[in-house]
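The values are calculated or read from the model by the stated rules, or taken from the named source; none is laboratory data. Quantities reported herein were computed from a predicted structural model and do not represent experimental measurements. Glycine gets a Cβ as well: all are built from the backbone with ideal geometry, and neighbour counts include every protein chain shown.
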């Protein structure tokens, strides 16, 4: 199957990062939408392949995905790794006993999230996954939930980890993996919260390739 035409890779930046969508709804929303990567089969599977390659020999017993879009990436990685998936949810969603933690999200709002209690045995290695790490507040809350139940943070995974005091501490203390390469031009663009690819963004670049088109391209 032929891949769709994509921008050239620059300093290790992955092609699929250039099909992410800019925010078109205003400052109440995240500054970009990475879900176009999930829609495009080639992009999604290349993303998973790259993250798994960078994880290397990291050992994990379970993947914990953060509500909500961390569920998509986390569940896919868990399936590839052949291990279970643990959802860390927004507060008030689980019908069992939970641990609850407050955190400040990327927009500066105080929120709560929860994890089932008990979720695992002491010493369980937990790989934490979110779609995107901006301020680091949400991931900090998830780390606290895991540690409350004596879990071990096996690593932190996201499409991108923006650089600031909090996320730099993640990089120092844990195995952190992202598709955006530290030191690359795209990392700086993520830190500045504007991608050059937005200037040429077109939703069609993320469209799934139809079954008929796949047959034609074989």
Residues of the stretch 57-75 classified as without any contact (Cβ under 8 Å) to a residue 40 or more places away in the chain and in contact with a strand residue (DSSP E or B) (Cβ under 9 Å, 6 or more places away or on another chain), total:
3
Criterion first (free of Cβ contacts under 8 Å to residues at least 40 places away in the same chain and in contact with a helix residue (DSSP H, G or I) (Cβ under 7 Å, 6 or more places away or on another chain)) does residue 110 satisfy it?
no
So, in the stretch 32-42, of the ones that are part of a helix (DSSP H, G or I) and more than 14 Å from the chain's Cα centre (by Cα), which residue ends up surrounded by the fewest Cβ atoms within 10 Å (Cβ to Cβ)?
41
Hey, residue 50 surrounded by 13 or more Cβ atoms within 10 Å (Cβ to Cβ), closer than 19 Å to residue 186 by Cβ and at pLDDT below 95 or not:
no
Residue 151 vs. criteria crowded, with 22+ Cβ neighbours inside 10 Å and closer than 22 Å to residue 98 by Cβ:
yes
Would you be able to say whether some residue in the stretch 144-156 is in a loop (DSSP other than H, G, I, E, B), more than 20 Å from residue 61 (Cα to Cα) and either modelled with pLDDT of 95 or more or out of contact with any strand residue (DSSP E or B) (no Cβ under 7 Å at 6 or more places or on another chain) (or both)?
no
Which residues, taken from the stretch 1-29, are at pLDDT 95 or above, surrounded by 11 or more Cβ atoms within 10 Å (Cβ to Cβ) and part of a loop (DSSP other than H, G, I, E, B)?
20, 23
Looking only at the stretch 107-135, filter to residues that are outside any strand (DSSP E or B) and within 12 Å of the chain's Cα centre (by Cα); which one of those is surrounded by the most Cβ atoms within 10 Å (Cβ to Cβ)?
130
Could you go through the stretch 77-98 and let me know if any residue there is closer than 19 Å to residue 161 by Cα, buried (at least 18 other Cβ atoms within 10 Å of the Cβ) and at pLDDT below 95.
no
Going through the stretch 161-206 one residue at a time, which ones are outside any helix (DSSP H, G or I), touching a residue at least 60 places away in the same chain (Cβ under 8 Å), touching a helix residue (DSSP H, G or I) at 6+ places or on another chain (Cβ under 7 Å) and within 22 Å of residue 76 (Cβ to Cβ)?
177, 179, 180, 181
